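The values are calculated or read from the model by the stated rules, or taken from the named source; none is laboratory data. This is a predicted model, so every value here is computed, not measured. A quick note on method: Cβ atoms are made from the backbone with ideal geometry, for glycine too, and the neighbour counts reach across all protein chains shown. For the accessible areas, the whole protein counts, side chains as well, though only heavy atoms, and no ligand, DNA or RNA atoms are used. Shrake-Rupley method; radii C 1.70, N 1.55, O 1.52, S 1.80 Å.
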Amino acid sequence: MRPQWTWFPWAHCQESTPPDPDQDREKIWAELFDELDVDKDGHIDLLELRTGLAGRGLSKRSVERIVKAGDTNQDGVLDFEEFTQYLRTHEKDLKLMFRNLDKNNDGEIDAAEIQQSLRTVGVEVSLKDASRILQRMDKDGTMTIDWNEWRDFFLFKPLTNMEDVARYWKRSMMLDIGEQLTVPDEFTEEEKKSGYVWRQLMAGGIAGCVSRTGTAPLDRIKVFRQVNGFIEFKGNVLSSFQYMIKEGGLRSLWRGNAINVLKIAPETAIKFTAYEQIKKMIRSRNESRTLRLHERFVAGSLAGATAQTAIYPMEVLRTRLTLGKTGQYSGIADCAKHILQREGVAALYKGYVPNLLSIVPYAGIDLAVYETLKFAWLNRNQGLADPGVMVLVGCGAVSSTCGQLASYPLALIRTRMQAQASLKGADKPSMVALLQNIVTQEGVAGLYRGISPNLLKVIPAVTVSYVVYEYTRIMLGVDIEGSR
């Protein structure tokens, strides 16, 4: 049990002796402990802490981190000594963080200093956005933050440096919606040396395999509609399922999925390796410099182009297998053999140009939407706080979907060019001619043929990918924040 505290007001005769600030803090901590210890058993558990701090906007993960950091005897709860020791240590860390942010050493932090500090860790915000973040901490309306305001605001936020803010918003999760593969953002040198990076990529790859397999029937419908329009598929998604089952049985719903899953590993490895090398070239001599937004866009686009160039023949094989009739190909090798014998090596790169062009709008829109959603959350939710896993998943899913919508017309043209030789008597127009034909014959809506099954698979794909990723990373010893 914690000791009983008795407090005596300062008498006027003692004004010559200043109050001990440590004693004042102990008094405040004792009052906080009493307030949080709802059942008065001398301990604070997770439920009491979450209930008592609900108004401070803390996520479940943040509360768990507080208990884990302060629970020295590993009993799952905080007694009074553990509670005060955690706050004492945390305030020291906050003091150091405050001094690092106070660039001009005037004892106050202004909006420009917040903007500069966030920029150094890769989070770009405007001065206006930095002012909004500051206003949430500024109690006296001076548009600056002194030590007391800073300490009180972050007292129960497990934040000790600005790198924590960047780590919250690193795209460390590989959300796979079956189209362009998103490779995680920045990794520290420690993470690279420890093997954490490849465990992270492996967890994402396994999640992608399960996610793509689960949504493969919808993906096959999309490819058929992109190539054939409504000539063979008339009606809704359900009637499309019935057509495929009638043609090749239940197994035909997963035709082409094997190659789609197999290409995850080489695409991930090549894209990540290329991304790291391109970042080094952009940074030049200053290797510790954080890339700016447009530099990340360039690096991501070039890395995507490199990976697609290497694995593109697998994309063509996937399209041909997906469109194949029952018995047409005995497997991946047989399909490749048919293409090489009848059309030559050049056929394995049909549709390469529109595929390459689609990387730019996808990467640009994906990054822009993610940054926009991130800034919106930062502005509305107490600025430098932990967004929580679901916010990060939501931002990643929405941004990837928007990127996919922006690049969809080019993806459709790519698929049609890949499938041209498999359609008997079909013309083989160029990319520009094919675009003109689609707009002329089907209208602008024709560029989005097959978009409905593609959108239908987003939610199940993201959900399955996230759940499998969570279980896999636990088995591999990977924490979503980057610690082990």
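What tally of residues in region 330-368 results from selecting those that are modelled with pLDDT under 90 and among the aromatic types (Phe, Trp, Tyr)?
Selection size over region 330-368: 1.
Within region 308-316, is even one residue in a helix (DSSP H, G or I), under 19 Å from VAL227 (Cα atoms) and of a type in the set (Asp, Glu)?
yes
Listed residues THR273, THR309, THR326; which is more than 29 Å from PRO217 (Cα to Cα) and surrounded by fewer than 21 Cβ atoms within 10 Å (Cβ to Cβ)?
THR273
For GLU108, state whether it is closer than 30 Å to LEU291 by Cα and touching a residue at least 12 places away in the same chain (Cβ under 8 Å).
When the stated conditions are applied, GLU108 passes them.
Quick check on my filter: what residues within region 272-319 are touching a residue at least 40 places away in the same chain (Cβ under 8 Å) and among the acidic types (Asp, Glu)?
Within region 272-319, just GLU315 meets the criteria.
Has region 404-421 got any residue that is modelled with pLDDT under 80 and among the basic types (Lys, Arg)?
No, the conditions are met nowhere in region 404-421.
Return the only residue of VAL197, VAL237 being open to solvent by 10 Å² or more (accessible area, probe 1.4 Å), modelled with pLDDT under 80 and among the β-branched types (Val, Ile, Thr).
None of the others qualify; the one that does is VAL237.
Any idea which of (1) hydroxyl-bearing (Ser, Thr, Tyr); (2) modelled with pLDDT of 85 or more; (3) surrounded by 13 or more Cβ atoms within 10 Å (Cβ to Cβ) is the one THR72 doesn't satisfy?
Against the list (1) hydroxyl-bearing (Ser, Thr, Tyr); (2) modelled with pLDDT of 85 or more; (3) surrounded by 13 or more Cβ atoms within 10 Å (Cβ to Cβ), THR72 comes up short only on (3).
Would you be able to say whether some residue in region 297-307 is over 21 Å from the mean Cα position of the chain (by Cα) and at pLDDT 85 or above?
yes
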